[in-house]
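Trainee: Below is one structure. I have some questions about it.
The values are calculated or read from the model by the stated rules, or taken from the named source; none is laboratory data. Remember, predicted model here, so these are calculated numbers, not experimental data. Note that we place each Cβ from the backbone using ideal geometry, even for glycine, and neighbour counts take in every protein chain shown. Note: accessible area is taken over every heavy atom of the protein model, side chains too, but ligands, DNA and RNA are not part of it. Shrake-Rupley method; radii C 1.70, N 1.55, O 1.52, S 1.80 Å.
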Amino acid sequence: MLEEIKGLIKEAEQFSAKNIDEIEKFRIKFLGKKGEITKLFSEFRNIPAEQKKDFGQTINTLKNIVIEKITSLKNNLEDTQQQQVSLDLSMSGDNIELGTRHPISIVKNEITDIFSRVGFIVSEGPEIEDDWHVFSGLNFPKEHPARDMQDTFFIEKDPDILLRTHTSSVQVRVMETQKPPIRTILPGRVFRNEAISARAHCIFHQVEGLYIDENVSFADLKQTLLYFAREMFGKDTKIRLRPSYFPFTEPSAEMDVTCKICGGKGCNVCKYTGWLEVLGCGMVDPNVLESNNIDSEKYTGFAFGMGVERLAMLKYQINDLRLYFENDVRFLRQFKAAF
Ligand code: DAH
């Protein structure tokens with residue numbers, strides 16, 4: 001008799017069901033009015049007295065196992081039914097919206113791409129610099145007022161450790177590690193201690209260019225910049241070079257391009273002049289070549305530097321610099337990147 005009950009226990013333990021009908025059949029088989037457990041209890045009076053305790057306990061074990069089995073099978077079934085509702089594999093997927101590149105990255109990539117098509121390779125340098133790379137190596141004499149053109153964030157004084165105020169510092173890094181011919185484009189982030197407003201920011205981006213070889217002339221500079229202006233602003237763009245001053249170039253100039261917005265007729269973007277200032281440039285000062293161990297009798301070079309925010313402002317007609325750094329998705333979403 002006991003053996004028979006143990007057999008039923010095993011059967012109950014091993015039982016599994018695919019649906020509610022099978023569970024119900026299982027319940028009736030064991031717990032129904034004419035089920036196995038009722039039958040076993042009705043045998044109870046025929047059991048010898050000394051076996052009654054054992055017999056009773058084993059039937060109770062069987063009963064408990066059956067009840068537990070039914071509850072757990074029902075729970076499992078409910079879970080899988082719920083999953084089937086939330087996990088419909090035949091449904092089409094959610095659309096994942098593509099992100100957009102930041103306008104500064106788009107314009108920076110566009111600039112480096114234009115120059116790489118004529119053989120300039122990209123180099124980069126550190127944002128935390130020393131006095132030599134940002135000023136002294138670029139022919140800024142100590143105490144010279146030209147240093148005040150760029151309000152500097154100092155990290156340490158004597159020896160000076162500072163955040164670079166322009167990417168011209170990377171020119172020095174390139175010259176100290178490479179021999180001419182050098183033809184490189186230097187994009188990067190720069191820092192100046194300025195109050196943040198629509199027209200000024202303490203962080204912005206520049207792209208610098210440097211070309212050093214034998215017989216490099218101002219005509220080469222002008223032609224390279226004309227090529228750049230036409231690629232960047234359109235085929236019929238004109239440029240003009242106005243004399244200027246930078247310690248690291250001689251002669252120095254600032255380049256304007258014809259205003260793309262009004263076509264040169266005059267509008268509020270070009271302040272009714274028809275021209276937009278886009279970059280600074282010049283022939284590398286022989287002092288800069290010499291202090292970087294490049295023979296200024298043999299080699300000449302040109303350099304230029306431009307602000308990426310400014311070019312992006314002109315390209316997309318953005319009128320507030322702060323928008324670039326606030327990461328407002330309503331602003332950023334408007335730039336479907338080409339690069
Ligand atoms: N470093 C200058 C600035 O931040 C820009 C510049 C001017 C870079 C003339 C040059 C250059 O390489 O030749 O205002």
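Trainee: Tell me, yes or no, whether the stretch 131-148 has at least one residue that is away from the ligand (no atom under 16 Å from the Cβ) and surrounded by 14 or more Cβ atoms within 10 Å (Cβ to Cβ).
Mentor: Of the stretch 131-148, the ones away from the ligand (no atom under 16 Å from the Cβ) are 141-143.
Next cut, surrounded by 14 or more Cβ atoms within 10 Å (Cβ to Cβ) only: none.
No.
Trainee: List pairs: first in the stretch 18-43 and not assigned by TED's automatic domain parsing to the domain that holds Gly56, second open to solvent by less than 60 Å² (accessible area, probe 1.4 Å), Cβ under 7 Å, 6+ apart or cross-chain?
Mentor: Every condition considered, no pair remains.
Trainee: For the stretch 89-109, indicate whether the set of residues that are assigned to a helix (DSSP H, G or I) and free of Cβ contacts under 8 Å to residues at least 40 places away in the same chain is non-empty. If you could, list the steps in order and put the result at the bottom.
Mentor: Quick first cut of the stretch 89-109, residues assigned to a helix (DSSP H, G or I) only: 103-109.
From the residues that got through so far, the ones that are free of Cβ contacts under 8 Å to residues at least 40 places away in the same chain too are none.
Looking through the stretch 89-109, none of the residues is assigned to a helix (DSSP H, G or I) and free of Cβ contacts under 8 Å to residues at least 40 places away in the same chain.
Trainee: Tell me, which residue of the stretch 268-309 that is of a type in the set (Val, Ile, Thr) and crowded, with 17+ Cβ neighbours inside 10 Å is farthest from the ligand (Cβ to nearest atom)?
Mentor: Just the residues of the stretch 268-309 that are of a type in the set (Val, Ile, Thr), to begin with: 269, 273, 278, 284, 288, 294, 300, 308.
Filter once more, keeping what is crowded, with 17+ Cβ neighbours inside 10 Å: 278, 284, 288, 294, 300, 308.
Details: Val278: 11, Val284: 8, Val288: 10, Ile294: 16, Thr300: 13, Val308: 12 Å.
Looking at the filtered set, the residue picked out is Ile294.
Trainee: Another question, then. Might you let me know whether the stretch 167-184 holds any residue that is open to solvent by 60 Å² or more (accessible area, probe 1.4 Å) and either under 23 Å from Ser244 (Cα atoms) or aliphatic (A, V, I, L, M) (or both)?
Mentor: Narrowing the stretch 167-184 to residues open to solvent by 60 Å² or more (accessible area, probe 1.4 Å): 173, 176-179, 181, 183.
Then keep just the ones that are either under 23 Å from Ser244 (Cα atoms) or aliphatic (A, V, I, L, M) (or both); that gives none.
So far as the stretch 167-184 goes, no, none of its residues is open to solvent by 60 Å² or more (accessible area, probe 1.4 Å) and either under 23 Å from Ser244 (Cα atoms) or aliphatic (A, V, I, L, M) (or both).
Trainee: Just to check your reading of the model, which residue among Gly274, Gly282, Gly266 is of a type in the set (Gly, Ala, Ser) and in contact (Cβ under 8 Å) with a residue 24 or more places away in the chain? First the steps, then the outcome.
Mentor: Working: Gly274 fails: in contact (Cβ under 8 Å) with a residue 24 or more places away in the chain; Gly266 fails: in contact (Cβ under 8 Å) with a residue 24 or more places away in the chain.
Gly282 is the lone residue from the list that is of a type in the set (Gly, Ala, Ser) and in contact (Cβ under 8 Å) with a residue 24 or more places away in the chain.
Trainee: Of the residues in the stretch 185-212, how many are in contact with a strand residue (DSSP E or B) (Cβ under 7 Å, 6 or more places away or on another chain) and either open to solvent by 40 Å² or more (accessible area, probe 1.4 Å) or outside any loop (DSSP other than H, G, I, E, B) (or both)?
Mentor: Pass one, the stretch 185-212, residues in contact with a strand residue (DSSP E or B) (Cβ under 7 Å, 6 or more places away or on another chain): 185-191, 202-212.
Of the ones still in play, those that are also either open to solvent by 40 Å² or more (accessible area, probe 1.4 Å) or outside any loop (DSSP other than H, G, I, E, B) (or both) are 185-191, 203-212.
Final tally of qualifying residues: 17.
Trainee: Ala312 is checked against (1) in contact (Cβ under 8 Å) with a residue 24 or more places away in the chain; (2) within 16 Å of the ligand (Cβ to nearest atom) and fails just one. What number does that condition carry?
Mentor: In the conditions (1) in contact (Cβ under 8 Å) with a residue 24 or more places away in the chain; (2) within 16 Å of the ligand (Cβ to nearest atom), Ala312 misses (2) alone.
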